[in-house]
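The values are calculated or read from the model by the stated rules, or taken from the named source; none is laboratory data. Given the structure is predicted, the values throughout are model-derived calculations rather than measurements. As a convention, Cβ positions derive from the backbone with ideal geometry for all residues, glycine included, and neighbour counts pool all protein chains shown.
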Amino acid sequence: MHILSIFRIIGILVMCFSATMLIPAFVALIYGDGGGKAFMQAFLASFLFGTLLWWGCHQHKQELRSREGFLIVVIFWVLLSFLGVLPFLLFDKLDMNFANATFESFSALTTTGATVMSGLDNLPKSILFYRQFLQWLGGMGLIVLVVAVIPVLGIGGNQLYRIESSGPLKDQKNLPRIAEVAKLLWILYCVLTLIFILAYWAAGMSLFDAISHSFSTISNGGMSTHDANLGYFKDPVIYFLAAFFMLISGCNFGLHIMALARFKYRSFWKTYWQDPEFRFFCLVQGCFILIMSLGLYFSYQDMSLLDAFAQGSVQLSSMSMTSGYTLFDMNELPPFLGTLLVLAALLGGCAGSTSGGLKMIRVLVIWLQFKRELKCLVHPNLVIPIKLGDRLLSIQVIERIWAFLIVFFLTYWLCVFAAILCGMGAFDAIGAVFATISNTGPGLGIVSSSFANVPDNAKYVFSFAMVAGRLEVFSLLILFSPAFWRT
């Protein structure tokens, strides 16, 4: 294994990340909230650390293999999250301990959206912006951003992009060159962010809130600049916009790029509708939103049908896309609606999106296999292949999906037991681990609105769960395999 090459690449990535500290420092200068010093100190510390890693190994430029790619992605995400802790610790007005700062950083960068912070309405603008900006960076994945400039840095980025991308079909690339894919992804990501900002601003948000919430919407992170979250705005138009934007971000970004590439050939909508995952996604989300809206309308007598549809759309979309925006306390909703939200969060959005959960492509394949097994019970000798559209799925893809489910739920229960050992109640641990490993944010029990009352040791467990969910478990757990380290 090329350890020195790995350190060199991580050093470059850390230096790139350190530059992002300058943006909230500029925000602190605009608002004069005294945060500039903390962000500049964090920038210098991160940049110096990255420089030391790079300089000691700058002559080692071996091409990446699969094992190096896995190791770089995991080390970088964990290291990045720990470096993201620095502004929280250095900011005098926050007075956060290391456990809380670690949880907040991991939550933002993995776009989980859970928080230990309160009194958001009175916090300095720069630290609020920093939380939102971390989500924006983590949404698409900083690895993909750096892969876009990989040819300039002289680093082979193919393995990094493949490991960072989500979904069981991630080896099948839509475009021939990884650098081109990464650039197109980030161009689209930035353009959509700008559209979201303008739409929120036109709907009545302040410019600061519009920028902040566009960051957490497109990343499906769900952190807000207000304690009341989206409920602060009390505007059906903003609710509908947020729901629509979250669903857009929950679709496969590769599919967005393909559709835009075919726009001039008048096959824009056809590109979407020909994709079986997108059709399944629309069907499931449409049914969930309808059930949620009607459930709210009949459960709350003082709620109009328009308000029920607006609030139901944004709350369901938020949970289903694992965004984390909240209008309701999960513990106070009718049990049926609370269970529906948990199911929606478990399923998640599309592969190749900024959402978490199991991903719709996996759920669709499991559904197709379920139907096939029912037919085989009636006709035992019948051979029925599983197809997604015109694509015949190989047995290896199906086996990967089932293996992912087994490992996902095994990791889930191991984290639950670890949280219980840290002093949490069983029900609270179950709800908290689900909220973190699915990158959803809000959960059941004491974490329905905040993780502030969680024991500090448990916050480290949840940070591990968030990274495991963000990297889809296997990319993280493979490092614990003895075979991975054998030469």
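What to note about this one:
- Candidates in segment 244-254 are the residues that are within 17 Å of Gly357 (Cβ to Cβ) and outside any loop (DSSP other than H, G, I, E, B); of these, the one that is modelled with the lowest pLDDT is Phe253.
- Complete set of residues in segment 40-59 that are among the hydrophobic types (A, V, I, L, M, F, W, C) and assigned to a helix (DSSP H, G or I): Met40, Ala42, Phe43, Leu44, Ala45, Phe47, Leu48, Phe49, Leu52, Leu53, Trp54, Trp55
- Residues of segment 1-50 that are within 30 Å of Ala483 (Cβ to Cβ), loosely packed, with under 15 Cβ neighbours inside 10 Å and either of a type outside the set (A, V, I, L, M, F, W, C) or touching a Phe, Trp or Tyr at 6+ places or on another chain (Cβ under 9 Å) (or both): Met1 alone.
- Just one of the numbered conditions (1) hydrophobic (A, V, I, L, M, F, W, C); (2) touching a Pro at 6+ places or on another chain (Cβ under 9 Å); (3) part of a helix (DSSP H, G or I) is not true of Ile72: (2).
- Among the residues examined, Ile257 does not qualify as farther than 30 Å from Leu392 by Cα and either modelled with pLDDT of 90 or more or not assigned by TED's automatic domain parsing to the domain that holds Ile437 (or both).
- Scope segment 193-220; condition in contact with a Lys or Arg (Cβ under 9 Å, 6 or more places away or on another chain) and either surrounded by fewer than 20 Cβ atoms within 10 Å (Cβ to Cβ) or not in a helix (DSSP H, G or I) (or both); matching residues: Phe208
- Check on Lys387, out of contact with any helix residue (DSSP H, G or I) (no Cβ under 6 Å at 6 or more places or on another chain), of a type in the set (Lys, Arg), closer than 26 Å to Phe278 by Cα and at pLDDT below 85: yes
- Consider segment 51-82 and keep the residues that are of a type in the set (A, V, I, L, M, F, W, C) and loosely packed, with under 14 Cβ neighbours inside 10 Å. The one that is farthest from Thr115 (Cα to Cα) is Trp55.
- Single match in Ser475, Ser448, Ser438, Ser481 (criterion: out of contact with any His (no Cβ under 7 Å at 6 or more places or on another chain), surrounded by 17 or more Cβ atoms within 10 Å (Cβ to Cβ), within 21 Å of Val74 (Cα to Cα) and modelled with pLDDT under 90): Ser475
- Spans of helices (runs of 4 or more DSSP H) in segment 83-192 with at least 1 residues touching a helix residue (DSSP H, G or I) at 6+ places or on another chain (Cβ under 7 Å), at pLDDT below 55 and buried (at least 19 other Cβ atoms within 10 Å of the Cβ): 142-147, 150-153, 158-164
- A Cβ distance below 7 Å, combined with a sequence gap of six or more or placement on separate chains, defines the contacts here; from segment 370-384, residues that are farther than 18 Å from Ile398 by Cβ reach no residue that is at pLDDT below 85 and surrounded by 10 or more Cβ atoms within 10 Å (Cβ to Cβ).
- Restricting attention to segment 396-405 and to residues that are at pLDDT 85 or above and hydrophobic (A, V, I, L, M, F, W, C), the residue that is farthest from Val473 (Cα to Cα) turns out to be Ile398.
- Pick from segment 290-306, criterion more than 18 Å from Met319 (Cα to Cα) and surrounded by 14 or more Cβ atoms within 10 Å (Cβ to Cβ), ranking: modelled with the highest pLDDT: Tyr297
- Being in contact with a strand residue (DSSP E or B) (Cβ under 9 Å, 6 or more places away or on another chain), at pLDDT 90 or above and among the aliphatic types (A, V, I, L, M) is a property that does not hold for Leu346.
- For the residues Gly431, Gly425, the requirement of being outside the structural domain of Leu109 (by TED's automatic domain parsing), surrounded by 17 or more Cβ atoms within 10 Å (Cβ to Cβ) and not aromatic (Phe, Trp, Tyr) singles out Gly431.
- Segment 381-402: number of residues that are surrounded by fewer than 13 Cβ atoms within 10 Å (Cβ to Cβ) and either hydroxyl-bearing (Ser, Thr, Tyr) or part of a helix (DSSP H, G or I) (or both): 4
- Considering segment 411-428, and only residues there that are at pLDDT 95 or above and among the aliphatic types (A, V, I, L, M), the residue that is farthest from Thr112 (Cα to Cα) turns out to be Leu421.
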